[in-house]
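Trainee: What follows is a single structure, and I will ask about it in a moment.
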Amino acid sequence: MDIKELSDIELARFRQLVAESENIVICCHKSPDGDALGSSLAMAEYLRHKGKKPVVIVPDAYPDFLQWLPNTEKVVRYDKHTEESRRLLNDAELIFCLDFNDSVRLNLMQADFDAATAKRIMIDHHINPTMECEMQISRPELSSTSEIVFRIVWQMGDYDDMTKHFAIPIYVGMMTDTGGFTYNSSYPEIFFVISQLLTKRFDKDKIYRKVYNNYSSWCIRMRGYMMYQKLNVFEDEHASYFAITREDMSRFHFIKGDAEGLVNEPLRIRGMRLSISLREDTERENKIWVSLRSIDHYYCNTIAEQFFNGGGHPNAAGGNLDCSMDEAIAIVRKAIKHFAELYK
């Protein structure tokens with residue numbers, strides 16, 4: 001299958017930027033998920049193949065179930081190694097911006113990123129990019145940033161030389177950003193990509209277990225508690241929400257990643273179109289993180305933009321609120337009513 005992601009001019013420019021840069025940094029968004037981390041690790045592996053010595057810098061911690069990915073021990077966390085990260089950004093000649101299209105997504109790392117003078121290559125699949133970059137490779141129609149990275153390396157003609165250390169992070173990024181290939185993955189090219197990844201002879205079933213069957217017993221109890229005690233279902237509006245408080249997190253020994261994908265669970269209810277999760281920030285008072293999921297043509301990104309200072313994909317979006325949990329719940333209820341009216 002002919003996958004041509006870049007024009008000939010873009011391809012030549014990409015090659016040139018990589019070839020003329022020695023100090024290369026790869027960044028991804030705050031609270032890196034499987035796609036952000038996977039695409040970053042894969043791009044770093046590709047650049048090493050090209051003779052470079054890239055450094056992956058992430059703003060903060062990523063989930064425990066991604067710790068096993070190859071080369072995570074080389075990742076630099078900005079929140080733990082701020083001075084080193086700042087030096088690397090200052091010295092960089094080229095910065096790859098993966099899985100984000102606005103530097104606000106870097107959170108505490110944003111100021112140092114914005115101050116860096118390096119040329120930038122953005123590779124992302126979120127809508128409405130705002131960053132000024134030397135190259136902007138934006139593909140909202142594709143499943144994941146990881147898939148875009150694969151397509152670029154494939155078009156470069158370098159995929160045959162890649163190893164499992166490239167293929168596994170790409171597969172994890174694609175798998176996690178499609179819910180195990182259950183949404184945003186119905187076009188035939190995605191399965192061609194998967195088939196090519198599997199030529200590197202990794203065990204995809206084992207990878208699924210490492211990502212999705214890797215919770216603690218406390219996490220499973222917390223997830224059951226959320227669905228049994230905290231889930232609010234509005235049958236007439238075809239919507240639901242639940243709220244995870246600091247008290248809940250303390251009670252169930254919450255660690256980063258324990259709520260990953262939980263917002264999808266209510267969509268298993270017959271007739272459900274929208275699911276919203278609220279989670280209190282573990283460190284800041286009156287900071288609520290919001291995740292939204294929806295199905296088919298019931299778009300939750302418009303709800304995220306209008307009510308939760310956020311945005312995202314049509315069926316997967318997020319945002320945040322600077323208020324108490326009670327105030328956040330009141331906003332959610334308004335959002336659900338608006339959603340019901342919008343799609344009546």
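Trainee: Sort out which residues of segment 21-61 are free of Cβ contacts under 8 Å to residues at least 24 places away in the same chain and in a loop (DSSP other than H, G, I, E, B), and write them in order of number. Steps first, answer last, please.
Mentor: Applying the first criterion (free of Cβ contacts under 8 Å to residues at least 24 places away in the same chain) to segment 21-61 yields 48, 51.
Once the filter is applied, which keeps residues that are free of Cβ contacts under 8 Å to residues at least 24 places away in the same chain and in a loop (DSSP other than H, G, I, E, B), segment 21-61 yields only Gly51.
Trainee: Could you count how many residues in segment 159-187 are touching a residue at least 12 places away in the same chain (Cβ under 8 Å), open to solvent by 20 Å² or more (accessible area, probe 1.4 Å) and at negative phi?
Mentor: Residues in segment 159-187 being touching a residue at least 12 places away in the same chain (Cβ under 8 Å), open to solvent by 20 Å² or more (accessible area, probe 1.4 Å) and at negative phi: 8 in total.
To keep it simple, each residue is scored yes or no on (1) among the aliphatic types (A, V, I, L, M); (2) at pLDDT 95 or above.
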{"residue": "Asn23", "(1), (2)": "no, yes"}
{"residue": "Asp33", "(1), (2)": "no, yes"}
{"residue": "Val56", "(1), (2)": "yes, yes"}
{"residue": "Pro59", "(1), (2)": "no, yes"}
{"residue": "Asp64", "(1), (2)": "no, no"}
{"residue": "Glu83", "(1), (2)": "no, yes"}
{"residue": "Leu89", "(1), (2)": "yes, yes"}
{"residue": "Ala92", "(1), (2)": "yes, yes"}
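Trainee: In segment 135-158, which residue that is charged (D, E, K, R), within 22 Å of Pro188 (Cβ to Cβ) and not in a helix (DSSP H, G or I) is least open to solvent (accessible area, probe 1.4 Å)?
Mentor: Out of the qualifying residues, it is Arg139.
Trainee: Cβ-Cβ below 7 Å, separation at least six or inter-chain, first residue in segment 106-130 and acidic (Asp, Glu), second open to solvent by 50 Å² or more (accessible area, probe 1.4 Å): which pairs?
Mentor: Note: pairs meeting the criteria are Asp112/Arg86.
Trainee: When both residues are 6+ apart or on different chains and their Cβ atoms are under 7 Å apart, which pairs have a first residue that lies in segment 269-283 and is open to solvent by 60 Å² or more (accessible area, probe 1.4 Å), and a second that is charged (D, E, K, R)?
Mentor: Pairs found: Thr282/Arg246.
Trainee: Also, I was wondering about something else. Exactly one of these conditions fails for Gly318: (1) under 25 Å from the mean Cα position of the chain (by Cα); (2) over 21 Å from Asn128 (Cα atoms). Give me its number.
Mentor: (2)
Trainee: Are any residues in segment 199-242 touching a Phe, Trp or Tyr at 6+ places or on another chain (Cβ under 6 Å) and in a loop (DSSP other than H, G, I, E, B), and if so, which ones?
Mentor: Asn214, Leu231, listed by residue number.
Trainee: Something else about it: Can you tell me which residues in segment 39-58 are surrounded by 15 or more Cβ atoms within 10 Å (Cβ to Cβ) and touching a strand residue (DSSP E or B) at 6+ places or on another chain (Cβ under 8 Å)?
Mentor: Ser39, Ser40, Leu41, Met43, Ala44, Leu47, Lys52, Pro54, Val55, Val56, Ile57, Val58
Trainee: I'd like the full set of residues that are open to solvent by less than 80 Å² (accessible area, probe 1.4 Å) and without any contact (Cβ under 8 Å) to a residue 24 or more places away in the chain, limited to segment 228-258.
Mentor: Lys230, Asn232
Trainee: While we're on this one: Filtering segment 106-127 down to residues that are β-branched (Val, Ile, Thr) and touching a Leu at 6+ places or on another chain (Cβ under 7 Å), which residue is farthest from Ser31 (Cα to Cα)?
Mentor: Going through segment 106-127, the residues β-branched (Val, Ile, Thr) turn out to be 117, 121, 123, 127.
Subset that is touching a Leu at 6+ places or on another chain (Cβ under 7 Å): 121, 123.
Details: Ile121: 21, Ile123: 18 Å.
Among those residues, the one meeting the criterion is Ile121.
Trainee: Now for a separate question. I'd like the residue in segment 3-20 that is of a type outside the set (A, V, I, L, M), within 18 Å of Arg120 (Cβ to Cβ) and part of a helix (DSSP H, G or I) and, out of all such residues, is most open to solvent (accessible area, probe 1.4 Å).
Mentor: Arg15
Trainee: Does segment 31-38 include one or more residues that are small (Gly, Ala, Ser), more than 28 Å from Asp160 (Cβ to Cβ) and either open to solvent by 10 Å² or more (accessible area, probe 1.4 Å) or in contact with a Leu (Cβ under 8 Å, 6 or more places away or on another chain) (or both)?
Mentor: Going through segment 31-38, the residues small (Gly, Ala, Ser) turn out to be 31, 34, 36, 38.
Filter once more, keeping what is more than 28 Å from Asp160 (Cβ to Cβ): 31.
Restricting the remaining residues to those that are either open to solvent by 10 Å² or more (accessible area, probe 1.4 Å) or in contact with a Leu (Cβ under 8 Å, 6 or more places away or on another chain) (or both) gives 31.
Scanning segment 31-38 turns up at least one residue that is small (Gly, Ala, Ser), more than 28 Å from Asp160 (Cβ to Cβ) and either open to solvent by 10 Å² or more (accessible area, probe 1.4 Å) or in contact with a Leu (Cβ under 8 Å, 6 or more places away or on another chain) (or both).
Trainee: For segment 259-293, which positions are over 18 Å from Leu321 (Cβ atoms) and either within 17 Å of the chain's Cα centre (by Cα) or assigned to a loop (DSSP other than H, G, I, E, B) (or both)? Steps first, answer last, please.
Mentor: Here is the first cut: in segment 259-293, the residues over 18 Å from Leu321 (Cβ atoms) are 260-262, 264-273.
Glu260, Gly261, Leu262, Asn264, Ile269, Arg270, Gly271, Met272, Arg273 - these are the residues of segment 259-293 that are over 18 Å from Leu321 (Cβ atoms) and either within 17 Å of the chain's Cα centre (by Cα) or assigned to a loop (DSSP other than H, G, I, E, B) (or both).
Trainee: Quick one: in segment 117-134, of everything that is touching a helix residue (DSSP H, G or I) at 6+ places or on another chain (Cβ under 7 Å) and buried (at least 18 other Cβ atoms within 10 Å of the Cβ), which residue is modelled with the lowest pLDDT?
Mentor: First pass over segment 117-134, keeping only residues touching a helix residue (DSSP H, G or I) at 6+ places or on another chain (Cβ under 7 Å): 119, 121, 123-125, 131, 134.
Then keep just the ones that are buried (at least 18 other Cβ atoms within 10 Å of the Cβ); that gives 121, 123-125, 131.
Values: Ile121: 98, Ile123: 98, Asp124: 98, His125: 96, Met131: 93.
Selected residue: Met131.
Trainee: When both residues are 6+ apart or on different chains and their Cβ atoms are under 6 Å apart, which pairs have a first residue that lies in segment 69-90 and is assigned to a helix (DSSP H, G or I), and a second that is open to solvent by 30 Å² or more (accessible area, probe 1.4 Å)?
Mentor: Leu88/Val55
The values are calculated or read from the model by the stated rules, or taken from the named source; none is laboratory data. Since this is a predicted model, take the numbers as computed values, not measurements. Here the Cβ is made from the backbone with ideal geometry for all residues, glycine too, and neighbour counts use every protein chain on show. The area values use the complete protein model at the heavy-atom level, side chains included, leaving out ligands, DNA and RNA. Shrake-Rupley method; radii C 1.70, N 1.55, O 1.52, S 1.80 Å.
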